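Undergrad: First, the structure itself, so that you have it in front of you.
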Amino acid sequence: MKDSILVINCGSSSLKFAILANAGQETLVEGIADRLGTDESSITFKFKGQKSEVSLEDGSHKNAVNQIKIWLSSHPIIERSLAGIGHRVVHGGETFSKSVLIDQDVIAGIKQCSQFAPLHNPAHVKGIEVAFELFPGLPQVAVFDTAFHQTLAPEQYLYPIPMHFYREHHFRKYGFHGTSYRYISQRLAHIAKGSDQQGVLVAHLGNGASTCAINQGKSSDTSMGITPLEGLMMGTRSGSLDPSLLSFISQAENISFESALDILNKQSGLLGVSEISNDCRTLEEAMESGDQRAKLALDMFAARTAKHLASVATTLISIDHLVFTGGIGENSSYLRQAICNHLKALNIRIDSEVNDNAPRGETLNISAKDSHTNVWIIPTNEELMIALDTISLIQH
Ligand code: AMP
């Protein structure tokens, strides 16, 4: 039966993929092509618990997709089951408010949105074009990180700068992690009946991190902006700060505005403050062995996350649920506790024991009995969302 979907997340130097079967419920094979564009690139396949690696001679995206095709030709049952390809696309601008079947107009639209995601969107286009070339018979679908936030009201998405920047250049808040938030909203509606008619806060905390308020199933505010730099402190990104700092940093270091922005994107956040690592797990280990810089970085991360949860909550009628997701949200009991400690004024409380003993990879309610809000850990699944959107669009 033709019901498998190849999900592709094509970046500038990496290409992640997975083939999902059985309405997205089963991952048949997954892997990643790394260091694309260099002569050290390779692609890894994880199939039935076994890993195999193939080096990519020219390090091109095309070669990476071609290796997937070659792998499929030696697994003909999976090859024959392929019904379509779903691509993750970071920026859909104001053009795309939902997932779409890809044609030449869609490719042109994704290219047009490249001004706001100059590293990501051109890489996605490359992935799409290569996939069309190598899998000519398969329909392809684009799923946008920004699409879920197209429901924001103008008073939330506009920046308070002269309006002509919006009119002429579309400078506004777009928000990201939308595929994850949509998944969480739907999953929560399954386990907490009626939550799609309530107010939900979500903290998607990974290397990139953001918060989102979801009112009756629709995004009403989110912390990321025109790019993923706004909002929370992240692995290497500063998040929101006084924009004047950009000119102070470029003057102090005698560097260009772009280089100063690069510092805010790549050398700040957990890495910049701890001066150790951008990785939460590494920092928790350092903190446990007494490193004060690691503790400060983690505590700042918690304080700023709480602040941005409270901020987006101003668009909700009530805060009925708070969900933690992403690598940090799902796994760091320290940060979940530290974040909720800052939210006591909102009557959000978690049960420390349940939080500390949360089993990995499972959905769990961690609220304390006296909490006014249900607090959850829900593992996100963006690949599943992409596969389901692809199935639904190619069936029409
Ligand atoms: P993501 O970008 O969603 O893959 O999340 C990556 C982040 O999750 C990194 O900062 C990891 O250190 C963090 N993370 C993953 N597992 C754990 C864990 N067991 N404890 C703390 N942080 C974790």
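Undergrad: If Ala303 satisfies every condition in (1) away from the ligand (no atom under 15 Å from the Cβ); (2) touching a Cys at 6+ places or on another chain (Cβ under 8 Å); (3) small (Gly, Ala, Ser) but one, which is the exception?
TA: (2)
Undergrad: Moving on to the next point. Among the helices (runs of 4 or more DSSP H) lying completely within segment 289-373, list those that include at least 1 residues that are surrounded by fewer than 17 Cβ atoms within 10 Å (Cβ to Cβ) and at pLDDT 95 or above.
TA: 292-312, 333-341, 352-356
Undergrad: What about Arg167, is it in a helix (DSSP H, G or I) and more than 15 Å from Asn381 (Cα to Cα)?
TA: It is true that Arg167 is in a helix (DSSP H, G or I) and more than 15 Å from Asn381 (Cα to Cα).
Undergrad: From the residues in segment 94-131 that are more than 20 Å from the chain's Cα centre (by Cα) and small (Gly, Ala, Ser), which one is surrounded by the fewest Cβ atoms within 10 Å (Cβ to Cβ)?
TA: Filtering first and then ranking leaves Ala108.
Undergrad: Looking only at segment 1-44, which residues are buried (at least 19 other Cβ atoms within 10 Å of the Cβ) and without any contact (Cβ under 8 Å) to a residue 40 or more places away in the chain?
TA: Gly31, Ala33, Asp34, Leu36, Ser41, Ile43
Undergrad: Same structure again: Mind checking which pairs have a first residue in segment 312-338 that is at negative phi and small (Gly, Ala, Ser) and a second that is part of a strand (DSSP E or B) and more than 16 Å from the ligand (Cβ to nearest atom), Cβ under 7 Å, 6 or more apart or different chains?
TA: Matching pairs, first to second residue: Ala313/Leu201; Ala313/Ala213; Ser318/Gly199.
Undergrad: Can you work out which of the residues in segment 69-121 that are among the β-branched types (Val, Ile, Thr) and assigned to a loop (DSSP other than H, G, I, E, B) is nearest to Ser392 (Cα to Cα)?
TA: Top of the filtered list is Ile102.
Undergrad: If you scan segment 241-277, which residues turn out to be closer than 23 Å to Asp145 by Cα and surrounded by fewer than 18 Cβ atoms within 10 Å (Cβ to Cβ)?
TA: Of everything in segment 241-277, those that are closer than 23 Å to Asp145 by Cα and surrounded by fewer than 18 Cβ atoms within 10 Å (Cβ to Cβ) turn out to be Leu261, Asp262, Asn265, Lys266.
Undergrad: Out of the residues in segment 247-273 that are part of a helix (DSSP H, G or I), more than 26 Å from Cys212 (Cβ to Cβ) and touching a helix residue (DSSP H, G or I) at 6+ places or on another chain (Cβ under 8 Å), which is nearest to the ligand (Cβ to nearest atom)?
TA: Ile263
Undergrad: If you go through segment 314-371, how many residues are out of contact with any strand residue (DSSP E or B) (no Cβ under 9 Å at 6 or more places or on another chain) and among the basic types (Lys, Arg)?
TA: 3
Undergrad: Looking at segment 337-360, is at least one residue of a type in the set (Lys, Arg), farther than 18 Å from Ala213 by Cα and within 16 Å of the ligand (Cβ to nearest atom)?
TA: yes
Undergrad: Against the definition (modelled with pLDDT under 95, farther than 25 Å from Ser180 by Cβ, surrounded by fewer than 16 Cβ atoms within 10 Å (Cβ to Cβ) and of a type in the set (Gly, Ala, Ser)), how does Gly59 come out, yes or no?
TA: No; evaluated as a whole, the condition is false for this residue.
Undergrad: Could you grab me the full set of residues in segment 204-232 that are among the hydrophobic types (A, V, I, L, M, F, W, C), surrounded by fewer than 24 Cβ atoms within 10 Å (Cβ to Cβ) and either over 14 Å from the mean Cα position of the chain (by Cα) or under 16 Å from Leu152 (Cβ atoms) (or both)?
TA: Ile226
Each row is one residue, and each column tells you yes or no for (1) closer than 27 Å to Pro118 by Cβ; (2) within 16 Å of the ligand (Cβ to nearest atom); (3) of a type in the set (Asp, Glu).
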residue: His170; (1), (2), (3): yes, no, no
residue: Ser185; (1), (2), (3): no, no, no
residue: Ile191; (1), (2), (3): no, no, no
residue: Gln197; (1), (2), (3): no, no, no
residue: Gly235; (1), (2), (3): yes, yes, no
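Undergrad: Restricting to segment 374-391, what's the tally of residues that are of a type in the set (S, T, N, Q) and assigned to a strand (DSSP E or B)?
TA: Counting residues in segment 374-391 that are of a type in the set (S, T, N, Q) and assigned to a strand (DSSP E or B) gives 1.
Undergrad: May I pose another question? Could you please find all residues in segment 13-66 being in contact with a Ser or Thr (Cβ under 9 Å, 6 or more places away or on another chain) and basic (Lys, Arg)?
TA: Passing the criteria: Arg35, Lys46, Lys51.
The values are calculated or read from the model by the stated rules, or taken from the named source; none is laboratory data. Because the structure is a prediction, the values reported are computed rather than measured. Every residue, glycine as well, gets a Cβ built from its backbone with ideal geometry; the counts of neighbours run over all protein chains shown.
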